[in-house]
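Beneath this line is the structure, given in structure tokens, with notes to follow.
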């Protein structure tokens, strides 16, 4: 990159820009011709409908005539818009391009006010370096605004790049070196139209001034990456800083977690943090609190699947107790030591059954 | 008199506009950029910085470029 170009260099560069602008002027005429063709086609559609309408009236086809009137709506709506576009394209094509002298003075002004102006002869790139930019306390470093002279005629938005010289990219995306720059492309927002107009008119100084103004300003409403998230998001559990794309959100405790501290519920597949998961005592699966329930019989927490399948251990214990009671009752009957007087008539709960079973097995001296 | 006014706020179009004789840059600014703070706008007349009481002349080229523009 050559900096501090001489007057001769500036004249040469001005020549390249002037040539590009001349090419653009030709493309504007092409654009105007396409607009006129479009306008004429719409007018032709109206003429066709008129011809058909006359025919329908001559033959007394009233329904067909009504339908044709409906078809008129669209072209009639488009004609004012297309006429306006033709007028606008004509104005653009008519606009006088800058003289070689004008472009030279633009370059000179840029060099004097924003310079030093850099020039890369091989790629035909003009450049200006900004001061180190800090937005709301976030140091982003200096940027080089590179204008590719040969691309001026191709399309304005691709004619320039924003290169971070001392990049401090967003933690979530290395390509975002500034809240409004991604992959070296500036999302110019409110300055987009003015930048395009400046490039189209060869106003190089205005172009650089506008781009630098955008770089010095932060719009919190639509950045590629918000400054609030510039350094990433911290894991609520371990504090690890991570990119926004790597953040796992726990729906239950409503915090951000890293991939190490987050997991998922094996029942509902919901992402949760490890702390919000419980292990089902029956199946051993990690289940979120929403998929856990208390057994209505014993109050033990277990997953809803196991509960639905009646897999709670209390059911098994009950069966075992019943079996044990039956076998002990049978034994007591055989020994003639069954003390039926201790048993109260009527339905007994599970706990009462256990008590009965225990009392039935006690030796007489203990009662 | 006529002044070439390049307004880089918004569309960035250049137009010749009428200005009364003796119009200062400050008056021109107030008329054409209402609501704007002069400190937030880079003003150049014939590519040169000028004071606010500079009196415009026929054929002057006035450029006004906001220095705080929001990207997207």
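The values are calculated or read from the model by the stated rules, or taken from the named source; none is laboratory data. If you're wondering where the values come from, they're calculated on a predicted model, not measured in any experiment. Cβ coordinates were reconstructed from backbone atoms using ideal geometry, including for glycine residues, and neighbour counts include every protein chain displayed.
In the stretch B:34-43, the count of residues that are farther than 27 Å from residue A:188 by Cβ and away from chain A (no Cβ under 13 Å) is zero.
For the stretch A:24-37, the count of residues that are in contact (Cβ under 8 Å) with a residue 40 or more places away in the chain, surrounded by fewer than 17 Cβ atoms within 10 Å (Cβ to Cβ) and touching a strand residue (DSSP E or B) at 6+ places or on another chain (Cβ under 9 Å) is zero.
One residue stands out among those in the stretch A:180-190 that are out of contact with any strand residue (DSSP E or B) (no Cβ under 7 Å at 6 or more places or on another chain) and within 10 Å of chain B (Cβ to nearest Cβ): the one that is nearest to residue B:12 (Cα to Cα), which is A:190.
All told, residue B:34 falls short of being touching a helix residue (DSSP H, G or I) at 6+ places or on another chain (Cβ under 9 Å), over 17 Å from residue A:198 (Cα atoms), loosely packed, with under 13 Cβ neighbours inside 10 Å and without any contact (Cβ under 8 Å) to a residue 60 or more places away in the chain.
To keep it simple, each residue is scored yes or no on (1) buried (at least 16 other Cβ atoms within 10 Å of the Cβ); (2) closer than 30 Å to residue A:228 by Cβ.
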{"residue": "A:110", "(1), (2)": "yes, no"}
{"residue": "A:118", "(1), (2)": "yes, no"}
{"residue": "A:122", "(1), (2)": "no, no"}
{"residue": "A:126", "(1), (2)": "yes, no"}
{"residue": "A:130", "(1), (2)": "yes, yes"}
{"residue": "A:133", "(1), (2)": "yes, yes"}
{"residue": "A:143", "(1), (2)": "yes, yes"}
{"residue": "A:146", "(1), (2)": "yes, yes"}
{"residue": "A:149", "(1), (2)": "yes, no"}
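Checking each residue in the stretch A:235-260 for being within 16 Å of the chain's Cα centre (by Cα) and over 11 Å from residue A:273 (Cβ atoms) picks out A:243, A:244, A:245, A:246, A:247.
One residue alone among B:9, B:60, B:15 is out of contact with any helix residue (DSSP H, G or I) (no Cβ under 8 Å at 6 or more places or on another chain), in contact (Cβ under 8 Å) with a residue 40 or more places away in the chain and under 23 Å from residue A:197 (Cα atoms), and that residue is B:60. Taken together, A:11, A:79, A:36, A:49 contain a single residue that is closer than 30 Å to residue A:110 by Cα and at pLDDT 90 or above, which is A:11. Among (1) in contact with a strand residue (DSSP E or B) (Cβ under 9 Å, 6 or more places away or on another chain); (2) free of Cβ contacts under 8 Å to residues at least 24 places away in the same chain; (3) within 14 Å of chain B (Cβ to nearest Cβ); (4) more than 15 Å from residue A:130 (Cα to Cα), there is one condition residue A:193 misses while meeting the rest; what is its number? With respect to (1) in contact with a strand residue (DSSP E or B) (Cβ under 9 Å, 6 or more places away or on another chain); (2) free of Cβ contacts under 8 Å to residues at least 24 places away in the same chain; (3) within 14 Å of chain B (Cβ to nearest Cβ); (4) more than 15 Å from residue A:130 (Cα to Cα), residue A:193 is out only on (1). Among the residues of the stretch B:46-72 satisfying the criterion of being buried (at least 19 other Cβ atoms within 10 Å of the Cβ) and more than 14 Å from chain A (Cβ to nearest Cβ), which is farthest from residue B:36 (Cα to Cα)? Looking at residues that are buried (at least 19 other Cβ atoms within 10 Å of the Cβ) and more than 14 Å from chain A (Cβ to nearest Cβ), I get B:60.
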